[in-house]
Structures are given as structure tokens and as C-alpha cells.
Amino acid sequence: MATRRYYLETFGCQMNVLDSEIAAGQLRQLGWEPTDEREQAELVLFNTCSVREKAEHKVWSRLGELARRKRRNPDLLVGVLGCMAQNHKEKLRRRAPHVDLILGPRQIGELGAALERIERERAPVVHADLTGPVDLRRDIAVRGARHTAYVTVMYGCDFRCTYCIVPSTRGREDSRPIAEIREEIERLCGDGVKEVTLLGQTVDGWGKRLPGRPHLGHLLEAVHDVDGLERLRFVTSHPSLMREPILRAVADLPKVCEYLHIPAQSGSDRILKAMRRGYTAARYREICAMAREIVGPDVAIASDFIVGFPGESEQDFEATLELVRSLRFSQAFIFKFSPRPHTPAWTLEDDVPEAVKRERNQRLLAAQQQVQTELHRALVGSRTEILVEGRSSHDPGKLTGRTRHNKIVIFEGEADRYEGQLVELEITDASPLALYGRLPGRPPLHAGSRQSVRARPEPARARPLPMARVR
Ligand code: SF4
């Protein structure tokens, strides 16, 4: 029988990338082969994101194109997975009746069974339910990178931040039990993975509904001795859930990297309240101080910010600017507010003009860039351990890897010799977004030197996914 090909395009966050790996594993079990050519595929799937309007527009437009193709070829199968399936299932049925499969994020584990049912019954399958259990078992042969891997440890979110779509697309928070997580990490490390990142929307809240109410520190301890595992990380933490025992585990367990991603979102108490974040700027500062005291003064703390939230005054924004300047984050991910349907903030007046949002975005970026420039320059001349991820996507003549603090380092070396290895480098130069280093005995690499002029920082975990295109 001829091989059947599928095309899977992924939009949005790391959670979706991992869900796509789970989907691709099921397709592999059913004998489907991935293709990068949508036109060649007999099954076209979109794993969708509702966080940005632009990503939704792209999916609607691709579905429009596929309607024409489906008229020519009624055997073509089209599926919408993920957040849009959950949020827009009725609209999808109305506006895109040629879609055969609508599967919500919590139903990702049902993809294989749903496809078999469609082929058996020749009728569409729609299942998008916020309350059902989530099956996150995966085929580890289908993954985006050989030596680093994400492992979902919890799903959904119990918070109700007013700008966020996640609670209405992924439902309530559920944690996976330790044994299941450890078993997946053992399989990954048995297959060459050296660095595992535990993934959850509020990962520091892991365990809340499990028997005995274990906390994230217990989980870190329980998986720490897996054979072959060299590094362990976790993202994303919620400030209100970060507690001393978790930080003690980070400090005490040598494989756990000194990197915390704890989004602040704003430095203004008024805006934090309107966002319903559940903490004040002063409390956030205390949490960072506690992390620096327990884990160490150079622990890398990364943060997220939204500028231009409804009602944000210049004074509110100045408070955010001050937070960024004084807390000296290792990284900051900055977004302009855009109202999303199905969120409480959708009903608020989006009263910060676009030009002001843009200007605040640039000012905050500039402040963070200044901090990063200073932090990176201070590292020049030091030695640091990196896990080599492979060739730089911006300059395939160079290799790239990450430090324990999640800093990208670009250096010269042979891919076949160093990929997947932990190596020690001397940092020889720095730009605001990356470090440049050299192996012992090699010439130094400089950010502005001719050979590295094209070397820009790697996007977070940029890597080819054999089964999915990521937007
Ligand atoms: S904590 Fe807030 S921002 Fe994060 S996923 Fe939950 S609701 Fe969204």
C-alpha cells in the first residue's frame, strides 16, 4: 500500500509544539509519513493558537484555500487541532464545513482514534471539551531535537489573568503523576537526551491535585537521578506559586539549572490588579530576592511583560521600566497588549493608542537591552559550560549551545564532534542577545568580527521539527 502523507503546521507556544509531537507520534503509529509540502498531503492538520489574532487569520486563510482543493479532491482530510478548535468549534462548523476533524487541546491524545473513526464512518468528528482527562503519552521517536527535550508535567491553568486565553482553551490545571513523568524522562534519556525542560503553564504549582500534594521540588528530586540526564529545567513559573522548598531544590540538586522564568507582566500594582495577577510589585521583588538568596546571586531570572494594557498610564509604565532596570532580568519577553475574545479583558476599553504601545514596547526593550549588554559584557573572559545543540541556524559554519543560565553561545567547532556534548568554553565577546566563545586552543570569536557578522542569536530552541512547521 502506498504511504500516506500528512502535513502538520503548528502555531503558537512551546505547549503546542509538544502537542504536535504527541499528534505526530500517533500518526506514525498509523503509518502516516510527514511532508513539508501541503499540496502533496492527503491529510492536512493545523495545531492552532488563539493568543494572537494574526495566527488565527492565517488558519482561516489556509482553510479557505483548502476548501477549493477539497472540492477537487473529496478524499482530502482536513483537521483543526488546539486552541481554535476549542474556542471556535461552532464557527468552524459554519465557516469551514469542509473540515473533517475538530479536536481541542485536551483531546490531542485522541487524534489516532478520531482519524480511524472518520475513515470508518465517513463523517466529521468534533471533540473539544475543557473538562475531560488529558492523555499526554507520546512516541519519543518523534521529537524536535536529539539532545534536549520538553516534557509536559501539567496541563491547563487555574488562574484567571484577565488578558489570557489559556483557561478557556486548555481548561483546569491537572498534573501528571511522578511515575509517568519519570518513565518518559527515562525513555528520552535512554535515547540520547541530556537536557529536559519540564513544561507547564504554572509549573511551580505542579502537584496540587495529586495524592499527598507533592510540590515541584519533590518532582525535581524524583527525576534527578535518571541515567543520562545532565540538565533539568522547568518553565513557566507563576510568582504567587514560587516557594522556598522549590528554590531549595534548585539550589541543592546539581543537575537543575540556575534559570527561572517568572513572568512579572507589569511593575504597577494598579495594572497587576486589573490583570488579576494576584501579587504586587513589592511581592514580586521579594520573590526575586528570595531566589537570589537561596539559589545564588547570579541565578538567571527571566520575565515577561505586557505593555499598553487597558488603563496603563505613563506612570504605570514608568513603574514597569523601573522594575526592569532594578531587577536586571537575564531575559525579558515583551508584548503589546491586544484584546482577545473569550478573555475578561476583551470587554475593557483598549484605550492605549497603538503608537503609545509601540513606543513603550521600544523603551522597555531598550532598557532590557542595556541590562543584557552589561550582564553579557561582565561574562567576557569567564569560562562556562554549554550543551552544544548543533549548527547555528543563522550561520551554519558555527555551532551554538546554551549555558546553564539559558544564554546562547556561538562558537567554532565541528558538529559531528561536539553536537550533544557538554563542553567548556571561554567567553570572548558578547552582544545584547548572545555570547561568543572559543574552545581551548581555538582563535577567539567576536560579535563584530567578519566571520560572525551574520551570527545573530538563535530563536528560542530553534530546531527543525521533522513532523511539523512551527509559526
Ligand atoms: S497564569 Fe495567567 S497568564 Fe499564565 S496561563 Fe494562567 S491565566 Fe494565562
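The values are calculated or read from the model by the stated rules, or taken from the named source; none is laboratory data. As the structure is a computational prediction, the values presented were derived from the model and not from experiment. Cβ coordinates were reconstructed from backbone atoms using ideal geometry, including for glycine residues, and neighbour counts include every protein chain displayed. Accessible surface is based on the protein model in full, side chains and every heavy atom, while ligands, DNA and RNA are left aside. Shrake-Rupley method; radii C 1.70, N 1.55, O 1.52, S 1.80 Å.
Table for the structure above
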quantity	calculated
Some residue of the stretch 353-363 being assigned to a loop (DSSP other than H, G, I, E, B) and over 22 Å from the mean Cα position of the chain (by Cα)	yes
Some residue of the stretch 105-115 being part of a loop (DSSP other than H, G, I, E, B) and either over 30 Å from residue 186 (Cβ atoms) or over 23 Å from the mean Cα position of the chain (by Cα) (or both)	no
Search result, residues across the stretch 283-337 that are β-branched (Val, Ile, Thr) and in a helix (DSSP H, G or I)	287, 294, 320, 324
Residue that is farthest from residue 52 (Cα to Cα), among those in the stretch 138-162 that are over 18 Å from the mean Cα position of the chain (by Cα) and within 16 Å of the ligand (Cβ to nearest atom)	158
Lone unmet requirement of (1) of a type in the set (A, V, I, L, M); (2) assigned to a loop (DSSP other than H, G, I, E, B); (3) away from the ligand (no atom under 16 Å from the Cβ); (4) touching a residue at least 24 places away in the same chain (Cβ under 8 Å) for residue 134	(3)
Single condition residue 201 does not satisfy, out of (1) in a loop (DSSP other than H, G, I, E, B); (2) within 18 Å of residue 252 (Cβ to Cβ); (3) not charged (D, E, K, R)	(2)
Search result, residues across the stretch 147-197 that are open to solvent by 10 Å² or more (accessible area, probe 1.4 Å), in a helix (DSSP H, G or I) and either more than 18 Å from residue 221 (Cβ to Cβ) or of a type in the set (D, E, K, R) (or both)	166, 167, 168, 180, 182, 183, 186, 187, 190
Check on residue 126, closer than 19 Å to residue 7 by Cβ and surrounded by 15 or more Cβ atoms within 10 Å (Cβ to Cβ)	no
Single match in 247, 260, 272 (criterion: in the same structural domain as residue 344 (by TED's automatic domain parsing), part of a strand (DSSP E or B) and either open to solvent by less than 10 Å² (accessible area, probe 1.4 Å) or within 15 Å of the ligand (Cβ to nearest atom) (or both))	260
Selected residue (only one of 72, 62, 38 is open to solvent by 60 Å² or more (accessible area, probe 1.4 Å) and not assigned by TED's automatic domain parsing to the domain that holds residue 156)	72
Hits in the stretch 165-184 (condition: touching a Leu at 6+ places or on another chain (Cβ under 9 Å), more than 16 Å from the ligand (Cβ to nearest atom) and under 13 Å from residue 136 (Cα atoms))	176, 177, 180, 181, 184
Test: residue 230 is open to solvent by 10 Å² or more (accessible area, probe 1.4 Å) and within 30 Å of residue 319 (Cα to Cα)	no
Counted residues, the stretch 204-244 - those being touching a residue at least 24 places away in the same chain (Cβ under 8 Å) and assigned to a loop (DSSP other than H, G, I, E, B)	18
Conditions (1) modelled with pLDDT under 95; (2) farther than 26 Å from residue 148 by Cβ: number failed by residue 440	(2)
